[in-house]
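A short worksheet on the structure shown next.
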Amino acid sequence: MKNASSPLRPPSVLAIAYAPPHVRVRLAWLLALDQRLSDVLGRASEPMIAQLRLSWWRDALNAAPEKWPKGEPLFAELAAIGADDVLISASLSLVDAFEILALSAESQERATAQMQRISALCKAFSDWIGDRERNVAHVDQIARWWLNPESAMPKPVSRVLRSLSILAFAEKLDDGKSRSSPLRLNWHALTGR
């Protein structure tokens, strides 16, 4: 999927490349939405402005496809790929998580919002790849590692789940939770270690 709204960050592009082919377009859209919602928070001068913008996203995502905003590139892309229940549910969970992040200064609420965000991404990915029963323990292990700097990275990460571990690894690099370099991220992408 060529993202018409804004280019995805390099770790997201890498994660998409490692996703199973039938998952890539939907994962790309979900990551583009995650990035857009993060940008809403970063650009809003006041929490209430961010909340209004996030409410717009919630209302638009809850609307019937024929009522989606015509001028918003992400909705044009969503119409082109076709929204499924998993994608819409994950998208609404992302909006809810970012709304908590916009309005709360309390660290426990912010941690809960991050958990909701990561859970939405992991659950959607897991649902799309199928064989949920076999992969659920590994997805949960990646999610725990993503959320907790004290948790050990699952090793090795299977090729089918590597997209999630790449996203977790990259976010830990951005947050300073890992002393590993971007080269280490690329090594992980190649080997799962």
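The values are calculated or read from the model by the stated rules, or taken from the named source; none is laboratory data. Keep in mind it's a predicted model, so treat the numbers as computed, not measured. Virtual Cβ from ideal backbone geometry, glycine too; neighbours counted across all protein chains shown. Heads up: the accessible areas ignore ligands, DNA and RNA and are worked out on the full protein's heavy atoms, side chains in. Shrake-Rupley method; radii C 1.70, N 1.55, O 1.52, S 1.80 Å.
Structure values in brief
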read-out	value
Probe 1.4 Å, accessible area per residue of the range 51-193, Å²	52
Rounded to the nearest 20 debye, dipole of the range 28-135 from Cβ charges on Lys, Arg, Asp, Glu	140
Angle between the chain longest axis and helix 107-129 axis [Cα atoms, degrees, rounded to 10]	80
Diffusion constant of the range 85-193 at 10 °C, which comes from Stokes-Einstein with the Kirkwood Cα-pair radius and 1.306 mPa s, µm²/s	109
Accessible-area value, Asp174, 1.4 Å probe, nucleic acids and ligands omitted, Å²	130
Over the chain: helical MRE at 222 nm, DSSP H runs n ≥ 4 each giving -39500 (n - 2.57), nearest 500	-23000 deg cm²/dmol
Burial ranking of peptide ranges 94-101, 14-21 (average Cβ count within 10 Å, highest at the top)	94-101, 14-21
Protein accessible area in the chain, 1.4 Å probe - carbon and sulfur %	54
Dipole magnitude of the chain about its Cα centre (Cβ charges: Lys, Arg +1; Asp, Glu -1), debye to nearest 20	800
Point-to-point label distance, Trp56-Ser151, nm (Cα→Cβ direction, 7 Å offset)	3.4
